[in-house]
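To start, the structure itself, in structure tokens.
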Amino acid sequence: MLSDEKKLQICEDIINSDVFSKAPKSSSLLRYLVKSTVAGNYLKEDIIDLEFFGENPNTNKTSPRIRVNVYNLRKKLEKYYLTEGRNSIWKICIDKGQYSVRFENQNIEKIKFSNINAKQILPYAFLAIVCIIFAVISIKPESPILWTSFFDNKKSNTLIIADFFGIQGQTITGDHGWTRDYTINSARDYYKYIDKNPQLKETTKPADYHYITSMGALATHNISELFFKNDSHFDIRFTSNTSIIDLKKGNLIFVGPHSNKNKFISLFNDSNPYFEIDGSRLYFDNHPTLPSKTFTTHYKSVDRDFSIVSRFKGPDNNDCFIFFSNHDIGVKATVEHFTNKDSLEVFKNKYMNNKQNFTSIYEVYGKERTNLGLKNILTVPF
């Protein structure tokens, strides 16, 4: 298997070739795509537009610039491997519809068929083609290893989306309406607050309904696509109607904040050997080789988010996949990252070391609640 250093060296050898010597833009784009792939970054048009061309993707949503430049880069690579790189063992490929690169081994012995009569092999070739087509149709696509247990139908799957408790009464504008207080996340919290502030007893009450943000809708969309491709399904519930007993029923996927004292914080803390969430702090401790560390889970900037992704065994040996963040963009970015086939493969090869479970910490960048990229701070498999 190629090391990251070898991949970067292969890229530089191509850039220093005659084919690329007079193509500075293609050279720079190739270097950027290779480095991003090696770093495990998930590449899409708006991220490339922002990071490589330095343009805000919202300013020109219909610009074909990315596709044109990647198309030209593919043509340059084809020319290189037909000339200077024809004897290269490793080939850099950028598949159509993708922006991440892959390295293909070309050191395959070629078999010569010049002495074989085409009429003799034609019936066998046709039969082979029919068999291959039938096999391709029959074979179920290989599921991503991190999600395999969710697709084997041995246990039910439930996606639980965080919804938010509210208070009905006088709002800050003086009208009657629905109010969200981040320190009050249940009816129990509300009545404790009323005990300390009895003057609000007559003018407020627990709201008759909760609400969810766009995070829940987008996460459901991405997870649904992944399950559909793997011929599997899941149920959907909300935290407001999920009990502790429900945490033992089948495999669980949770998307929501780590700041509202929901029951999945306890599940994470009880099941995780090295991490613990306590309020606005995430503690990392007791690892055999890595030093202990404390993380602050809130960024002051609204354009950044602190996100935690963890896969672990639950209380009844059920599999749990948890996506925490402070606000929407963290969950949106990490769910998209962990339901994408390419980024899952990169993550598995880079971090998992044949382990099944892990906890990862990400810094997510965004604008107006839209994620534009994420950076892996720490991943610990177990």
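The values are calculated or read from the model by the stated rules, or taken from the named source; none is laboratory data. Values in this document were obtained by computation on a predicted structure and should not be read as measured data. Don't worry about glycine lacking a Cβ; one is built from the backbone with ideal geometry, like all the others, and counts go over all protein chains shown. Only protein heavy atoms, including side chains, enter the accessible area calculation; ligands, DNA and RNA are left aside. Shrake-Rupley method; radii C 1.70, N 1.55, O 1.52, S 1.80 Å.
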Per the helix-only model, the chain has a calculated mean residue ellipticity at 222 nm (DSSP H runs of ≥4, -39500 (n - 2.57) each, divided over all residues, rounded to the nearest 500) of -10500 deg cm²/dmol
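Within the stretch 201-296, what whole-number % of the accessible surface is contributed by carbon and sulfur, with the 1.4 Å probe and all protein chains included in the calculation?
In the stretch 201-296, the share of accessible area belonging to carbon and sulfur is 52 percent.
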Listed residues Leu50, Leu218, Leu290; largest mean-square fluctuation, Gaussian network over the chain with Cα springs below 10 Å, found at Leu290
For the chain, longest principal axis from Cα atoms; helix 4-15 axis from its Cα atoms; angle between them, nearest 10 degrees, is 50 degrees
Answer in debye to the nearest 20: the dipole magnitude of the chain about its Cα centre, from +1 Lys/Arg and -1 Asp/Glu charges placed on Cβ, is 940 debye
For the stretch 295-357, the dipole about the Cα centre with charges only on Cβ (Lys and Arg +1, Asp and Glu -1), to the nearest 20 debye, works out at 220 debye
At the level of C-alpha centres, the distance separating the stretch 219-284 and the stretch 187-216, in angstrom, is 24 Å
Judged on accessible area alone, 1.4 Å probe, highest first, Tyr71, Tyr32, Tyr283 line up as Tyr71, Tyr283, Tyr32
Among Ser149, Ser240, Ser292, the residue with the largest mean-square fluctuation in a Gaussian network model of the chain built from Cα contacts under 10 Å is Ser292
Scattering profile of the chain from the Debye formula, Cα beads only, expressed as log10 I(q)/I(0) at q = 0.07, 0.12 Å⁻¹, is -0.44, -1.07
Short to long, in 10 Å steps from zero, the percent of alpha-carbon pairs of the stretch 1-91 per bin is 15, 45, 32, 8, 0
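Considering only protein heavy atoms, with the full assembly of protein chains and a 1.4 angstrom probe, order His210, His327 by accessible area, largest first.
So, going from the largest accessible area down, we get His210, His327.
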Out of Tyr42, Ser214, Leu378 - ranked by how far each Cα lies towards the positive end of the dipole of the chain, with unit charges on the beta-carbon of charged residues - the top one is Tyr42
Rounded to the nearest whole number, the per residue volume of the convex hull around the C-alpha atoms of the stretch 197-242 in Å³ is 99 Å³
To the nearest 10 degrees, the tilt of helix 328-337 (Cα long axis) against the first principal axis of the alpha carbons of the chain is 30 degrees
Out of Trp178, Ser280, Ser232 - ranked by how far each Cα lies towards the positive end of the dipole of the stretch 141-290, with unit charges on the beta-carbon of charged residues - the top one is Trp178
With +1 at each Lys and Arg Cβ and -1 at each Asp and Glu Cβ, the charge dipole magnitude of the stretch 181-298 around its Cα centre, to the nearest 20 debye, comes out at 180 debye
Cα pairs beyond 21 Å in the stretch 125-220, in percent, come to 60 percent
Heavy-atom accessible area per residue of the chain, all protein chains kept, 1.4 Å probe, expressed in Å², is 58 Å²
So the angle from the long Cα axis of helix 24-38 to the longest Cα principal axis of the chain, reported in degrees to the nearest 10, equals 60 degrees
Taking only protein heavy atoms and a 1.4 Å probe, the highest-to-lowest accessible-area order of Thr220, Thr203, Thr297, Thr289 is Thr289, Thr203, Thr220, Thr297
